[in-house]
Amino acid sequence: MTTQQDGVTVVDHPLVRHKLTLMRQKDRSTKGFRELLNEIGTLLCYEVTRDLPIEMIEVETPLMLTQQPIISGKKLVFAPILRAGVGFLDGMLQLVPAARVAHIGLYRDPQTLQAVEYYFKAPSDIAERMVVVMDPMLATANSAVAAVDRLKERGAKDLRFVCLLAAPEGIARLRGAHPDVRIWTAAIDECLNDHGYIVPGLGDAGDRMFGTR
Ligand code: PRP
Ligand code: URA
(Lines give C-alpha, C1' and ligand atoms only; values in the text may rest on other atoms or scores of the structure.)
(Ligands and ions follow the chains in the order given, each with its own letter.)
Protein backbone atom coordinates (compact mmCIF):
# COMPACT_ATOMS: atom_id res chain seq x y z
CA MET A 1 0.00 0.00 0.00
CA THR A 2 1.46 3.31 -1.05
CA THR A 3 0.35 6.85 -1.82
CA GLN A 4 2.34 8.67 -4.48
CA GLN A 5 2.61 12.36 -5.35
CA ASP A 6 5.27 14.59 -6.92
CA GLY A 7 8.13 12.15 -6.53
CA VAL A 8 7.19 11.19 -2.97
CA THR A 9 5.83 7.76 -2.04
CA VAL A 10 4.27 7.31 1.39
CA VAL A 11 4.43 3.64 2.37
CA ASP A 12 1.26 3.49 4.42
CA HIS A 13 0.93 -0.28 4.83
CA PRO A 14 -0.74 -1.09 8.18
CA LEU A 15 2.36 -2.97 9.40
CA VAL A 16 4.53 0.08 8.74
CA ARG A 17 2.07 2.46 10.40
CA HIS A 18 1.73 0.20 13.45
CA LYS A 19 5.48 -0.21 13.93
CA LEU A 20 6.10 3.52 13.45
CA THR A 21 3.55 4.34 16.16
CA LEU A 22 5.40 2.02 18.57
CA MET A 23 8.68 3.78 17.73
CA ARG A 24 7.22 7.20 18.50
CA GLN A 25 6.43 6.19 22.13
CA LYS A 26 8.98 7.90 24.33
CA ASP A 27 9.28 4.91 26.68
CA ARG A 28 10.13 2.43 23.90
CA SER A 29 13.44 0.73 24.83
CA THR A 30 16.61 1.21 22.81
CA LYS A 31 16.44 -2.47 21.85
CA GLY A 32 12.80 -2.19 20.79
CA PHE A 33 13.43 1.01 18.84
CA ARG A 34 16.34 -0.59 16.93
CA GLU A 35 14.41 -3.77 16.15
CA LEU A 36 11.41 -1.84 14.84
CA LEU A 37 13.62 0.39 12.64
CA ASN A 38 15.25 -2.71 11.21
CA GLU A 39 11.85 -4.31 10.47
CA ILE A 40 10.53 -1.16 8.81
CA GLY A 41 13.77 -1.04 6.79
CA THR A 42 12.85 -4.38 5.23
CA LEU A 43 9.31 -3.23 4.45
CA LEU A 44 10.54 0.04 2.87
CA CYS A 45 13.15 -1.88 0.86
CA TYR A 46 10.33 -3.95 -0.65
CA GLU A 47 8.68 -0.75 -1.91
CA VAL A 48 11.78 1.14 -3.07
CA THR A 49 12.81 -1.84 -5.23
CA ARG A 50 9.32 -2.45 -6.63
CA ASP A 51 10.16 -1.26 -10.17
CA LEU A 52 13.52 -2.99 -10.59
CA PRO A 53 13.79 -4.27 -14.16
CA ILE A 54 12.97 -7.92 -14.80
CA GLU A 55 14.19 -10.26 -17.56
CA MET A 56 13.05 -13.74 -18.52
CA ILE A 57 15.35 -16.75 -18.25
CA GLU A 58 14.91 -20.39 -19.11
CA VAL A 59 14.36 -22.65 -16.09
CA GLU A 60 14.07 -26.42 -16.02
CA THR A 61 11.55 -27.46 -13.39
CA PRO A 62 11.07 -31.16 -12.53
CA LEU A 63 8.25 -31.10 -15.12
CA MET A 64 9.37 -28.97 -18.06
CA LEU A 65 11.42 -26.13 -19.52
CA THR A 66 9.81 -22.74 -18.88
CA GLN A 67 10.59 -18.99 -19.16
CA GLN A 68 10.54 -17.27 -15.76
CA PRO A 69 11.43 -13.78 -14.41
CA ILE A 70 14.56 -12.71 -12.54
CA ILE A 71 15.87 -9.25 -11.66
CA SER A 72 18.06 -8.14 -14.54
CA GLY A 73 21.43 -6.45 -14.34
CA LYS A 74 20.59 -3.58 -11.96
CA LYS A 75 23.08 -3.56 -9.10
CA LEU A 76 22.39 -1.69 -5.86
CA VAL A 77 24.31 0.40 -3.37
CA PHE A 78 22.78 1.02 0.04
CA ALA A 79 24.04 4.34 1.42
CA PRO A 80 23.16 4.90 5.10
CA ILE A 81 23.77 8.36 6.56
CA LEU A 82 25.55 7.77 9.89
CA ARG A 83 24.59 7.24 12.53
CA ALA A 84 20.87 6.65 12.38
CA GLY A 85 20.74 5.46 8.75
CA VAL A 86 22.58 2.32 9.84
CA GLY A 87 19.36 1.29 11.58
CA PHE A 88 17.79 0.52 8.18
CA LEU A 89 20.78 -1.30 6.74
CA ASP A 90 20.46 -4.88 8.02
CA GLY A 91 16.75 -4.96 7.24
CA MET A 92 17.46 -3.93 3.64
CA LEU A 93 20.45 -6.27 3.23
CA GLN A 94 18.19 -9.15 4.27
CA LEU A 95 16.25 -8.64 1.02
CA VAL A 96 19.21 -7.68 -1.19
CA PRO A 97 22.25 -9.41 0.34
CA ALA A 98 24.50 -8.72 -2.66
CA ALA A 99 24.10 -4.92 -2.44
CA ARG A 100 27.25 -2.86 -1.85
CA VAL A 101 27.31 -0.31 0.98
CA ALA A 102 28.45 3.32 0.97
CA HIS A 103 28.88 4.95 4.40
CA ILE A 104 28.28 8.69 4.70
CA GLY A 105 29.23 10.20 8.05
CA LEU A 106 27.36 13.46 8.67
CA TYR A 107 26.17 15.21 11.79
CA ARG A 108 23.90 18.18 12.06
CA ASP A 109 25.42 21.17 13.85
CA PRO A 110 22.87 21.89 16.63
CA GLN A 111 23.18 25.70 16.23
CA THR A 112 23.32 26.17 12.47
CA LEU A 113 21.54 22.89 11.52
CA GLN A 114 24.12 22.56 8.73
CA ALA A 115 25.45 19.08 7.90
CA VAL A 116 29.11 18.47 8.79
CA GLU A 117 30.86 15.58 7.03
CA TYR A 118 33.27 13.35 9.00
CA TYR A 119 33.44 10.17 6.88
CA PHE A 120 32.76 9.03 3.32
CA LYS A 121 33.48 5.68 1.68
CA ALA A 122 31.68 4.43 -1.43
CA PRO A 123 32.17 1.57 -3.92
CA SER A 124 34.26 2.58 -6.97
CA ASP A 125 31.62 1.41 -9.49
CA ILE A 126 28.86 3.58 -7.97
CA ALA A 127 28.11 5.18 -11.37
CA GLU A 128 26.75 1.86 -12.67
CA ARG A 129 24.54 1.16 -9.66
CA MET A 130 21.23 2.36 -8.27
CA VAL A 131 21.96 4.10 -4.96
CA VAL A 132 19.44 3.97 -2.13
CA VAL A 133 20.32 6.71 0.38
CA MET A 134 18.79 5.99 3.78
CA ASP A 135 18.22 8.01 6.94
CA PRO A 136 15.23 7.70 9.30
CA MET A 137 14.77 11.47 9.58
CA LEU A 138 14.30 14.04 6.80
CA ALA A 139 14.01 17.27 8.78
CA THR A 140 15.59 20.38 7.17
CA ALA A 141 17.07 17.98 4.55
CA ASN A 142 20.51 19.58 5.00
CA SER A 143 21.95 16.11 5.66
CA ALA A 144 20.12 14.45 2.76
CA VAL A 145 21.11 17.18 0.29
CA ALA A 146 24.77 17.02 1.44
CA ALA A 147 24.75 13.20 1.10
CA VAL A 148 23.28 13.29 -2.41
CA ASP A 149 25.68 16.11 -3.46
CA ARG A 150 28.62 13.99 -2.31
CA LEU A 151 27.38 10.79 -4.01
CA LYS A 152 26.80 12.66 -7.28
CA GLU A 153 30.32 14.16 -7.03
CA ARG A 154 31.55 10.54 -6.91
CA GLY A 155 29.61 9.71 -10.08
CA ALA A 156 26.26 8.35 -8.81
CA LYS A 157 23.51 9.01 -11.36
CA ASP A 158 20.55 6.94 -10.23
CA LEU A 159 19.58 7.78 -6.65
CA ARG A 160 16.59 7.26 -4.36
CA PHE A 161 16.06 8.45 -0.79
CA VAL A 162 14.34 6.39 1.92
CA CYS A 163 13.30 7.70 5.32
CA LEU A 164 10.95 6.90 8.15
CA LEU A 165 9.64 10.39 8.91
CA ALA A 166 9.73 13.43 6.68
CA ALA A 167 8.86 17.06 7.42
CA PRO A 168 7.12 18.95 4.59
CA GLU A 169 10.02 21.47 4.72
CA GLY A 170 12.57 18.68 4.18
CA ILE A 171 10.66 17.17 1.28
CA ALA A 172 10.45 20.57 -0.45
CA ARG A 173 14.18 21.21 0.07
CA LEU A 174 15.36 17.80 -1.18
CA ARG A 175 12.97 17.77 -4.17
CA GLY A 176 14.05 21.35 -5.01
CA ALA A 177 17.79 20.62 -4.78
CA HIS A 178 17.63 17.18 -6.45
CA PRO A 179 14.39 16.75 -8.44
CA ASP A 180 15.73 13.50 -9.92
CA VAL A 181 15.85 11.84 -6.48
CA ARG A 182 12.52 10.26 -5.56
CA ILE A 183 11.62 9.89 -1.88
CA TRP A 184 10.03 6.94 -0.03
CA THR A 185 8.82 7.61 3.52
CA ALA A 186 6.64 5.86 6.10
CA ALA A 187 4.95 9.14 7.07
CA ILE A 188 4.93 12.89 6.54
CA ASP A 189 4.66 14.75 9.84
CA GLU A 190 3.30 18.26 10.55
CA CYS A 191 6.35 20.54 10.58
CA LEU A 192 9.72 21.37 12.18
CA ASN A 193 9.96 23.04 15.59
CA ASP A 194 12.32 25.96 16.43
CA HIS A 195 15.20 23.51 16.97
CA GLY A 196 14.71 21.80 13.61
CA TYR A 197 13.07 18.70 15.13
CA ILE A 198 10.23 16.97 13.35
CA VAL A 199 6.89 17.23 15.23
CA PRO A 200 5.16 15.20 16.46
CA GLY A 201 8.18 13.09 15.41
CA LEU A 202 10.03 10.61 17.58
CA GLY A 203 12.91 12.69 18.97
CA ASP A 204 16.57 12.18 18.09
CA ALA A 205 16.73 8.96 16.08
CA GLY A 206 20.48 8.36 16.61
CA ASP A 207 20.25 8.83 20.38
CA ARG A 208 17.20 6.58 20.61
CA MET A 209 18.87 3.85 18.53
CA PHE A 210 22.13 3.80 20.41
CA GLY A 211 21.03 4.88 23.92
CA THR A 212 23.22 8.00 23.89
CA ARG A 213 22.28 11.43 25.23
C1 PRP B 1 19.87 13.25 12.38
C2 PRP B 1 19.21 12.31 11.39
C3 PRP B 1 19.58 12.92 10.08
C4 PRP B 1 19.56 14.39 10.38
C5 PRP B 1 18.27 14.94 9.84
O6 PRP B 1 21.22 12.99 12.48
O7 PRP B 1 19.62 10.97 11.52
O8 PRP B 1 20.86 12.52 9.61
O9 PRP B 1 19.61 14.53 11.81
O10 PRP B 1 18.21 16.32 10.00
P11 PRP B 1 18.27 17.31 8.77
O12 PRP B 1 17.29 16.82 7.76
O13 PRP B 1 17.85 18.62 9.39
O14 PRP B 1 19.67 17.38 8.24
P15 PRP B 1 22.19 13.74 13.48
O16 PRP B 1 22.81 14.90 12.80
O17 PRP B 1 21.48 14.02 14.77
O18 PRP B 1 23.36 12.69 13.68
P19 PRP B 1 23.34 11.23 14.33
O20 PRP B 1 22.58 10.33 13.39
O21 PRP B 1 24.79 10.89 14.39
O22 PRP B 1 22.69 11.31 15.68
N1 URA C 1 17.10 14.53 13.55
C2 URA C 1 16.45 13.68 14.37
O3 URA C 1 17.02 12.66 14.80
N4 URA C 1 15.18 13.96 14.70
C5 URA C 1 14.55 15.05 14.24
O6 URA C 1 13.37 15.24 14.59
C7 URA C 1 15.24 15.93 13.39
C8 URA C 1 16.52 15.64 13.06
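Assess whether A99 counts as being in contact (Cβ under 8 Å) with a residue 12 or more places away in the chain and more than 12 Å from the chain's Cα centre (by Cα). Taking the combined requirement at face value, the residue satisfies it. Look at the stretch 187-213: where a residue is closer than 23 Å to T9 by Cα and a partner is open to solvent by 40 Å² or more (accessible area, probe 1.4 Å) and more than 9 Å from ligand 2 (Cβ to nearest atom), sitting 6+ places away or on another chain with Cβ atoms under 6 Å, you get L192/E169; V199/E190; L202/R24. Among the residues of the stretch 76-113, those identified as touching a Ser or Thr at 6+ places or on another chain (Cβ under 9 Å), assigned to a strand (DSSP E or B) and farther than 22 Å from L52 by Cα are I81, I104, L106, Y107, R108. Do we have any residue at all in the stretch 102-111 that's over 14 Å from V8 (Cα atoms), more than 8 Å from ligand 1 (Cβ to nearest atom), buried (at least 22 other Cβ atoms within 10 Å of the Cβ) and within 16 Å of the chain's Cα centre (by Cα)? Yes; the residues of the stretch 102-111 include at least one that is over 14 Å from V8 (Cα atoms), more than 8 Å from ligand 1 (Cβ to nearest atom), buried (at least 22 other Cβ atoms within 10 Å of the Cβ) and within 16 Å of the chain's Cα centre (by Cα).
Scanning the stretch 189-213 for residues that are within 12 Å of ligand 2 (Cβ to nearest atom), open to solvent by 50 Å² or more (accessible area, probe 1.4 Å) and in contact with a helix residue (DSSP H, G or I) (Cβ under 6 Å, 6 or more places away or on another chain) yields a count of 1. Looking only at the stretch 187-204, which residues are outside any loop (DSSP other than H, G, I, E, B) and more than 10 Å from ligand 1 (Cβ to nearest atom)? Correct list: A187, I188, C191, V199. Scanning the stretch 9-38 for residues that are without any contact (Cβ under 8 Å) to a residue 24 or more places away in the chain and of a type in the set (S, T, Y) returns T21, S29.
The residues in the stretch 143-188 that are open to solvent by less than 60 Å² (accessible area, probe 1.4 Å), closer than 24 Å to T112 by Cα, touching a helix residue (DSSP H, G or I) at 6+ places or on another chain (Cβ under 8 Å) and not hydrophobic (A, V, I, L, M, F, W, C) can be counted, and the count is 2. Determine if the stretch 120-133 includes at least one residue that is free of Cβ contacts under 8 Å to residues at least 12 places away in the same chain, open to solvent by 50 Å² or more (accessible area, probe 1.4 Å) and not in a loop (DSSP other than H, G, I, E, B). Within the stretch 120-133, none of the residues are free of Cβ contacts under 8 Å to residues at least 12 places away in the same chain, open to solvent by 50 Å² or more (accessible area, probe 1.4 Å) and not in a loop (DSSP other than H, G, I, E, B).
The values are calculated or read from the model by the stated rules, or taken from the named source; none is laboratory data. Everything numeric in this text was worked out from a predicted model, so none of it was measured. Here the Cβ is made from the backbone with ideal geometry for all residues, glycine too, and neighbour counts use every protein chain on show. Each accessible area value is taken on the protein alone, full model and side chains, heavy atoms only, with ligands, DNA and RNA left out. Shrake-Rupley method; radii C 1.70, N 1.55, O 1.52, S 1.80 Å.
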